[in-house]
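Student: Handing you a structure now.
The values are calculated or read from the model by the stated rules, or taken from the named source; none is laboratory data. Quantities reported herein were computed from a predicted structural model and do not represent experimental measurements. Don't worry about glycine lacking a Cβ; one is built from the backbone with ideal geometry, like all the others, and counts go over all protein chains shown. Surface accessibility is based on the protein's heavy atoms, side chains included, excluding ligands, DNA and RNA. Shrake-Rupley method; radii C 1.70, N 1.55, O 1.52, S 1.80 Å.
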Amino acid sequence: RFLEACERGDMDEVQRLKNRLAIKLYRDRLKRNGLWHALAHGHVDIAEYLLRNGADANSKVIDGRTILYSVCHLEQDIAGKAIQLLIDHGARIDPDYRSPDGGSYLIGFAKAGLAQNVAKLLDLIAG
């Protein structure tokens with residue numbers, strides 16, 4: 001129920017079901033957590049709430065992709081907000097990472113049309 005509430009953007013239900021264990025441990029069969037479900041469906045407010053309450057901005061899904069990499073493929077305005085939110089909450093970049101399809105963070109950002117975020121990405125890589 002917790003993951004479904006995150007996916008629907010149901011803040012009341014997320015708050016009712018929330019506990020640190022749910023935020024950190026509940027995952028679907030592909031290891032996608034509530035943070036992933038909220039962002040994948042454009043619920044940046046739910047994602048921010050989860051991050052403020054212990055969600056890991058660097059969690060990964062089953063194939064090793066981080067949430068930061070995954071949000072590159074969202075609609076541009078949501079992707080920009082999601083990327084900034086994750087960076088603000090400590091998302092880190094592995095400059096050597098390649099997704100199963102050969103993509104990288106820079107390629108993902110470029111495909112998403114997020115040129116304004118490339119400078120932030122390069123700062124993260126350098127830092």
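Student: Looking only at residues that are closer than 25 Å to Asn19 by Cβ, open to solvent by less than 80 Å² (accessible area, probe 1.4 Å) and over 9 Å from the mean Cα position of the chain (by Cα) in the range 59-96, which one is modelled with the highest pLDDT?
Tutor: Applying the filter and picking the extreme gives His89.
Student: Let me ask another. On the basis of being under 20 Å from Asp94 (Cα atoms) and either in contact (Cβ under 8 Å) with a residue 12 or more places away in the chain or open to solvent by 10 Å² or more (accessible area, probe 1.4 Å) (or both), does Asp56 make the cut?
Tutor: Yes: the conditions hold for Asp56.
Student: Looking at (1) open to solvent by 40 Å² or more (accessible area, probe 1.4 Å); (2) closer than 18 Å to Phe2 by Cβ; (3) at pLDDT below 70, find the lone condition where Ile23 falls short.
Tutor: Going through (1) open to solvent by 40 Å² or more (accessible area, probe 1.4 Å); (2) closer than 18 Å to Phe2 by Cβ; (3) at pLDDT below 70 one by one, Ile23 breaks only (1).
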